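What follows is a short report on a single structure.
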Amino acid sequence: MRRPGRNAEHSQAKLTRRSLVVGGLQLGFVGLLAARMRYMQVEQADQFRLLAEENRINIRLIAPTRGEIFDRNGIALARNVPSYRIVIVPEDAGNVTEVIQRLAGLIELDSEELDRALVEIERTRTTPFLPVTLADRVGWEAISRVAVNAPALPGITPEVGLTRIYPRSADTAHVVGYVGPVSDYDLERIQDPEPVLRIPRFQIGKVGLEAKEEEQLRGKAGAKRVEVNATGRVMRELDRREGQRGADLQLTLDADLQAYVQARLRGESASAVVVDCETGDLRAVSSAPSFDPNLFVRGISVADYQSLTGDDHRPLANKSVQGTYPPGSIFKMITALAALEEGLVRPDDTVYCPGHLEVSGRRFHCWKRAGHGHVDLQNSLKQSCDVYYYDLALKVGIDKISAMANRFGLGVRHDIPMSAVAAGLTPDREWKQRVHKQDWLVGDTVNASIGQGYLLASPLQLALMTARIATGRELMPRLVKSVDGVETPITGSDSLGINENNLRQIRKAMFAVSNDRRGTAYRARIIDDAFRMAGKTGTSQVRNITAAERASGVINNADLPWARRDHALFVSFAPFDKPKYACCVVVEHGGGGSTVAGPVARDILLQALFEGTPPLTAYPEADRGKIKAQQERLQREQVEREGNESNRA
């Protein structure tokens, strides 16, 4: 009878142990669950709250307002104007193709613009929250249709933004440049690009000042937090942090003078630069023909681009700073200064010019076949005698000539914020050995003495050289006058260290070039005594003249194909007694510097000196009828341009 009792007690003990184990396990599980819940609800509360917020709150970048560009008198050269556009956020749209089809049923979409948008959507698949522009510069009626049909267009949002316009259009295209959408190439060449650059259709400077001063003009991006519903539609804006506007730039250019220069060069492949002799400010930097930079802002059409690249006058090239040319007889002033500074010649020393000079068994010709006879320094520059400078160069040598050219700004890449600023070339013995692995020849020196051979200079360099001759100071070119109202410093006021008497002799000879009846630029002179001009003509060959052609008679430029004609050059400064402006004009394949480039430079200097249309009495009487007709034509074009600017605004 005792055995069953012991069995019952044993069974009860076993059951109790099992209950305790199960209960312990349950209690442990509940404890772990409670600990996990506490960890998630207390210690990880901020993280999960952020995840929950991200399900309904988006952070979007706000593109900064680009700084604007003005001329020295406050005339706008690059502005921002309001523009309506329609954007899509792929992440919010869901089926992008279907949404775009619905949109196309409501408003007209440009096929090229839509294709670009689809490419951008594909390119930004890793960042689908970024907005992509489907239509830009749309009208108010289209915006209204989209707004009314918003429930059927998830991810589609009408926006008002800013777009870049260039009121002066082609007048300042080569200086100011233009903006365009950020490309893959742009992102590749920028180290650690800012997130704002990845916003589709965000625009940055492509060429010119817009590109060189990109960081200052761009500003800093802002951000906004928006609340969205389950479909991704923006319900409200929670907060906003505005970006930092880009800096406004004021240039040293005079927009009205720039417009005149551009109009005066019309029809030519040419360039002109005007330098302020007091400060080094660039008052005009023109290249013709030009182009409309507004075409590039939204993406230029293939037809328009081909018309620009197919033009043999190269409208896209900035000839004023990028183009380099043999300076021709303009360089004779540098050769003369090198000889004067070395004490190898005096102003009244003469050289006999029979029309050529024999050097090492080779005959180097003067432009005047019969020669100039006995000439001194002044007469050699006044009549542009070549033989005089052949003789000087043999005495002074190429190294000293090259060094003198560098002192006057030739062969130097000047630091101005423009695209493709050329350094030019002032060769010497070391350069030829290094580059061509050849010894320098005496014939090379003879060619260089009159600005031919290897020598190359840009219109900017030649204008600056002239300003330094006029002032004796180491003027440096300045293009940006101020940044957000803060003046940029003027540099280069130090003396060049050239003997003033030698400079005075060169200036005196330049005065004779323009004002002596036997001067090569006498027909392009200024009559007004208060603004008398000093200048120097230059003609640079682009082809070789054979001995046979020289014997039979050199072919006239007018009888040659355009691309084989000589370049016409002219440099000048005025007024002679107190130089205010220096100018350089280069007309590609224009022929003679005295007949083609000289009158253009005179007209530009007068326009600058009178700060507007000069009186006819400032011109030679024989030119006044032509000048009057020219002034009337330019005034009509001015009125037409102002009308176009008003319409564009």
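The numbers here are math on the coordinates, done by the rules we state, and not lab data. Only a predicted model underlies this, so the values are computations on that prediction, with no experimental measurement involved. Cβ atoms come from the backbone with ideal geometry, glycine included; neighbour counts cover every protein chain shown.
Return the subset of Lys437/Lys536; Lys368/Lys437; Lys206/Lys481; Lys212/Lys578; Lys382/Lys626 for which the Cα-Cα distance in this structure is over 31 Å, preserving the input order.
Violating the 31 Å Cα-Cα cut-off are Lys437/Lys536; Lys368/Lys437; Lys212/Lys578.
At Trp562 and Asn501, where each label point lies 7 Å from the Cα along Cα→Cβ, what is the point-to-point distance in nanometres?
5.1
Residues with beta-carbon under 15 Å from that of Tyr84, excluding Tyr84: net charge, scoring Lys, Arg +1 and Asp, Glu -1?
-1
Compute the projected area of the convex hull of the Cα atoms of segment 58-251, averaged over all viewing directions, and report it in nm² to one decimal place.
11.6
Test of understanding: ordering Val345, Val585 by Cβ neighbours within 10 Å, fewest first, what list do you get?
Taking fewest neighbouring Cβ atoms as first place, the list is Val345, Val585.
For segment 115-167, rounded, prolate or oblate, judged on the Cα gyration tensor with a ≥ b ≥ c (square roots of eigenvalues), a/c < 1.5 rounded, else prolate if a/b > b/c?
Here segment 115-167 falls in the oblate category.
Once every DSSP H run of n ≥ 4 in the chain is given -39500 (n - 2.57) and the sum is divided by its residues, what mean residue ellipticity at 222 nm do you get, rounded to the nearest 500 deg cm²/dmol?
Result for the chain: -11500 deg cm²/dmol, rounded to the nearest 500.
Using a/c under 1.5 as the rounded threshold, could you call segment 75-144 rounded, prolate or oblate? The axes a ≥ b ≥ c are square roots of the C-alpha gyration tensor eigenvalues, and prolate needs a/b larger than b/c, oblate otherwise.
oblate
Thr350 versus Val554, label points 7 Å from Cα toward the beta carbon: distance in nm?
In this crude spin-label approximation the distance works out to 2.5 nm.
Relative contact order (percent) for the chain, with alpha-carbon contacts under 8 angstrom and 6 or more residues of separation?
13 percent.
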